[in-house]
Amino acid sequence: MATLTGKIAWVTGAGSGIGQAAAVALAKEGATVVLTGRRKAPLQATAATIKKAGGKAEVQAGDLMKAASVTKIAKAIDKKYGRCDILVNNAGLNILDRTFAKLSAKGIDEVIHGNLSSAFYCTTAVLPMMRKRKDGLLIHTSSVAGRVPGPLSGATYSAAKHGVVAMSHTLNMEECVNGIRSCAVLPGEVATPILDKRPVPVTKAERAKMAQSEDVGDLIRYIACLPAHIVINEVMINPTWNRGYVAALQRAKG
Ligand SMILES: NC(=O)c1ccc[n+]([C@@H]2O[C@H](COP(=O)([O-])OP(=O)(O)OC[C@H]3O[C@@H](n4cnc5c(N)ncnc54)[C@H](OP(=O)(O)O)[C@@H]3O)[C@@H](O)[C@H]2O)c1
């Protein structure tokens with residue numbers, strides 16, 4: 001029997017990139033996955049891929065920046081399955097105009113709500129189901145920018161992702177007594193559609209050297225398969241060809 005057979009996993013941002021890869025990997029491991037994002041079509045494509053491989057998936061589309069949409073989806077999960085064993089709190093976004101020279105109030109709200117408020121909404125929505133069973137795992141896709149701020153990611157994105165890391169650690173501090181575990185995953189550059197929003201376009205050759213969605217999806221699967229008595233609190237995953245390091249090396253050589 002696969003490790004996650006009988007488990008219900010809610011994966012946000014499951015229509016593309018890391019979320020899609022994580023959903024496919026968790027379903028392969030036996031979990032029934034609930035797929036959320038704003039656009040229905042990519043979620044349906046992820047569900048079709050999972051079902052074709054013999055897995056179980058359902059689509060629950062919604063905008064996670066709206067607390068009411070999050071509550072609605074969590075209630076639907078509770079009603080249908082009576083449990084949520086794993087939350088992959090992965091949905092996120094960034095904006096083009098991310099430097100302070102260009103930052104607007106609209107951009108600030110979008111990035112903070114789209115990466116931090118949404119993650120808090122999903123967390124608070126699943127905790128009652130997890131507490132009831134004295135078991136649950138939350139895996140949050142933060143970012144290396146959640147530890148190391150920099151203009152490449154922008155201040156708002158970095159602040160939001162630092163917030164996600166803080167949320168995850170605090171969850172372990174408060175909820176460990178309820179059998180609930182939380183892990184912050186901090187990826188460096190991963191070749192996903194989010195890169196299309198970079199102010200400086202990223203070439204195909206550069207994307208090929210980065211971590212791929214499946215690399216991070218497999219890490220999430222690994223974390224989800226750990227026994228319930230242990231937790232990886234925080235983990236960083238980077239491409240070996242780290243563009244930040246390579247640029248620093250070039251500067252060092254003069
Ligand atoms: N790629 C990287 O280099 C990298 C590095 C570090 C961290 N991350 C983080 O990894 C996570 C996944 O991103 P990705 O790289 O896989 O990029 P992606 O392909 O753009 O995935 C982001 C997903 O989030 C969904 N989403 C965004 N806002 C949403 C909202 N308000 N409500 C519901 N769904 C929403 C998007 O779907 P809809 O547009 O249909 O809603 C999309 O499927 C994000 O949190 C990102 O910040 C990425």
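Values in this text are rule-based calculations from the coordinates and carry no lab data. Keep in mind it's a predicted model, so treat the numbers as computed, not measured. Positions of Cβ are backbone-derived with ideal geometry, glycine not excepted, and every protein chain shown enters the neighbour counts.
List of remarks:
A quick yes/no check of all residues on (1) more than 22 Å from His169 (Cα to Cα); (2) touching a Gly at 6+ places or on another chain (Cβ under 9 Å); (3) surrounded by 16 or more Cβ atoms within 10 Å (Cβ to Cβ):
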| site | (1), (2), (3) |
| --- | --- |
| Ala191 | yes, yes, yes |
| Pro201 | yes, no, no |
| Gln212 | yes, no, yes |
| Gly217 | no, yes, yes |
| Tyr222 | no, no, no |
| Leu226 | no, no, no |
| Asn233 | no, no, no |
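- Residues of the range 126-145 that are touching a helix residue (DSSP H, G or I) at 6+ places or on another chain (Cβ under 7 Å), within 8 Å of the ligand (Cβ to nearest atom) and assigned to a helix (DSSP H, G or I): Ala145 alone.
- Only residues that are more than 15 Å from the ligand (Cβ to nearest atom) and either free of Cβ contacts under 8 Å to residues at least 40 places away in the same chain or among the small types (Gly, Ala, Ser) (or both) were counted across the range 146-175, and they come to 4.
- Considering the range 1-57, the residues that are of a type in the set (Val, Ile, Thr) and part of a loop (DSSP other than H, G, I, E, B) include one that is farthest from the ligand (Cβ to nearest atom), namely Thr5.
- Among residues of the range 58-74, those that are part of a helix (DSSP H, G or I), of a type outside the set (A, V, I, L, M, F, W, C) and within 10 Å of the ligand (Cβ to nearest atom), counted: 1
- If the condition is being under 19 Å from Gly179 (Cα atoms) and either touching a strand residue (DSSP E or B) at 6+ places or on another chain (Cβ under 7 Å) or among the aromatic types (Phe, Trp, Tyr) (or both), then the range 221-248 contributes Tyr222, Ile223, Ala224, Val231, Ile232, Asn233, Glu234.
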